[in-house]
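A.B. asks: Here it is: the structure, laid out below.
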Amino acid sequence: MREYLLTLCVTAAVTYLLTGPVRKFAIVAGAMPEIRARDVHREPTPRLGGIAMFFGLCAGLLVADHLANLNQVFEKSNEPRALLSGAALIWLIGVLDDKFEIDALIKLGAQMIAAGVMVMQGLTILWLPIPGVGTVALTQWQGTLLTVALVVITINAVNFVDGLDGLAAGMVCIASAAFFMYAYRIWYSYGIEAAAPATLFAAVLMGMCVGFLPHNMHPARIFMGDSGSMLIGLVLAAGAISVTGQVDPDVMKLFSGSERNAVHQMVPVYIPLLMPLTIIAIPAADLILAIVRRTWRGQSPFAADRGHLHHRLLEIGHSHSRAVLIMYFWSALIAFGALAYSVNSASMWIVLGVVGLSAVGLVLLLLPRFTPRAPRWAEAFVPPRYRRRRAAPAPGAAEGAGSAENAASAEAADDEPRAPVPVGVSGGPGAPGVNGATALGARSRVPRG
């Protein structure tokens, strides 16, 4: 565990320290696209955060290769090298897309090629535990197709959910934390060395997200871009593929005792089929809904819109930060709920706890519909949106009413949507074009919109 934690900390530190220089490089390189109709942010913000995340991945794998125990993962398995090869390819395509806006079909083809590269080096699904049937060995073509499909679905699911500051990195970090605990339990409790690569992948993925989040939380100073979202999606899929298709269920020796006990004992075997779905449950649901919605309208499935789940949370009335926290809550509930069920599937308390937390989540989700009003004596201690509205002043009120009207008009102006600031356009005297949370003025090397 100490070596896994060391790998996580090194990955997070390298990612965090490199994100600042990468941000400056993205500004100089002009990787700051104009604000699109579907974007939520109001000022041009540099992309290419995936560069720092990729070097964090390389640093984590390099450190793990020189540790006493984790070095066995590299000696006994080729999966870390397969992951690095596929990650390098998908990262390169993402960097080019962040700068030059590559066509969606080209990116889809690159995702398939990256998955194929991992398959060629041994990171593939070899068998599946099917309920009621047992372990089913897959042919080479079946394993390849299933692996490629899982990689492509996971990458695009993470890419689709990357719409708010800190959303994709936080959700993937939560998912990878749950997956790390699951894979580590298989490796440590059952003594199955084949689960060690998946545990390493989850630890490195957590480090990448933890190191990038301080720069990406609202208001974000840099975006991960497709170079980052596709990269963390690939690493997440690689861990799921490793623990699903490489760990032999027969090694766990679960087929003993009565049929009832066997069903409960087999839960850790079937969970690999569900865990990859639970850790990307919300992104995958967003992906499916987006495809159905766009196809129903006669649009391309790759056409961008403002109908994603995080957009709907903003439309309901949630603030940017609250919408992100709600998505975090549901991701954690689904991922850790499945993890708890895999540990003790016979406990009714786990089911009741998940149901109770789901009710809390629904209340938080619908909170803007029921805005409480604080009593008069408590108005000084609550935000303005919870205070009672003041009655309009009489026509012959004193001149002091003018200040109240000015304050009301200023408050109304704050509620109106502000026009986005394009790259390099001045917002007034002494307010040069800005990007993100910076105060960099317009320079000749920054492309003007």
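A.B. asks: Out of (1) under 22 Å from F201 (Cα atoms); (2) in contact with a Leu (Cβ under 9 Å, 6 or more places away or on another chain); (3) surrounded by fewer than 17 Cβ atoms within 10 Å (Cβ to Cβ), what's the single condition that is false for A88?
C.D. replies: (2)
A.B. asks: Okay, moving on. For the stretch 176-201, which positions are of a type in the set (F, W, Y), over 15 Å from E3 (Cα atoms) and assigned to a helix (DSSP H, G or I)?
C.D. replies: The first filter runs over the stretch 176-201 and keeps only residues of a type in the set (F, W, Y), leaving 179-180, 182, 184, 187-188, 190, 201.
Restricting the remaining residues to those that are over 15 Å from E3 (Cα atoms) gives 179, 182, 190.
If the condition is that a residue be of a type in the set (F, W, Y), over 15 Å from E3 (Cα atoms) and assigned to a helix (DSSP H, G or I), then F179, Y182 are the ones that fit.
A.B. asks: Residue check: is R23 modelled with pLDDT under 95 and either within 18 Å of F212 (Cβ to Cβ) or within 24 Å of the chain's Cα centre (by Cα) (or both)? Show your work before the answer.
C.D. replies: Values: modelled with pLDDT under 95: yes; either within 18 Å of F212 (Cβ to Cβ) or within 24 Å of the chain's Cα centre (by Cα) (or both): yes.
So R23 passes the test.
A.B. asks: Among the residues in the stretch 60-70, are any part of a helix (DSSP H, G or I), of a type outside the set (A, V, I, L, M, F, W, C), out of contact with any helix residue (DSSP H, G or I) (no Cβ under 8 Å at 6 or more places or on another chain) and modelled with pLDDT under 95?
C.D. replies: The initial filter retains those residues of the stretch 60-70 that are part of a helix (DSSP H, G or I), namely 60-65.
Imposing the further condition that a residue be of a type outside the set (A, V, I, L, M, F, W, C) reduces the set to 60, 65.
Remaining after also requiring out of contact with any helix residue (DSSP H, G or I) (no Cβ under 8 Å at 6 or more places or on another chain): none.
No: zero hits.
A.B. asks: Go through the stretch 216-234 and give me each residue that's open to solvent by 10 Å² or more (accessible area, probe 1.4 Å) and farther than 28 Å from V117 by Cβ.
C.D. replies: Correct list: M217, H218, P219, R221.
A.B. asks: Which of the residues that make up the stretch 238-266 are of a type in the set (A, V, I, L, M) and at pLDDT below 90? Steps first, please.
C.D. replies: Step one: of the stretch 238-266, the residues of a type in the set (A, V, I, L, M) are 238, 240-241, 243, 247, 251-252, 254, 262-263, 266.
Once the filter is applied, which keeps residues that are of a type in the set (A, V, I, L, M) and at pLDDT below 90, the stretch 238-266 yields A240, I241, V243, V247, V251, M252, L254, A262, V263, M266.
A.B. asks: Please state which of the following conditions D103 fails to meet, knowing it meets all the rest: (1) surrounded by fewer than 16 Cβ atoms within 10 Å (Cβ to Cβ); (2) at pLDDT 90 or above; (3) among the acidic types (D, E).
C.D. replies: The one condition D103 does not meet is (2).
The values are calculated or read from the model by the stated rules, or taken from the named source; none is laboratory data. Quantities reported herein were computed from a predicted structural model and do not represent experimental measurements. All Cβ positions, even for glycine, are placed from backbone atoms using ideal geometry, and neighbour counts span all protein chains on display. Just so you know, the surface numbers come from the protein's heavy atoms only, side chains and all, with ligands and any DNA or RNA stripped out. Shrake-Rupley method; radii C 1.70, N 1.55, O 1.52, S 1.80 Å.
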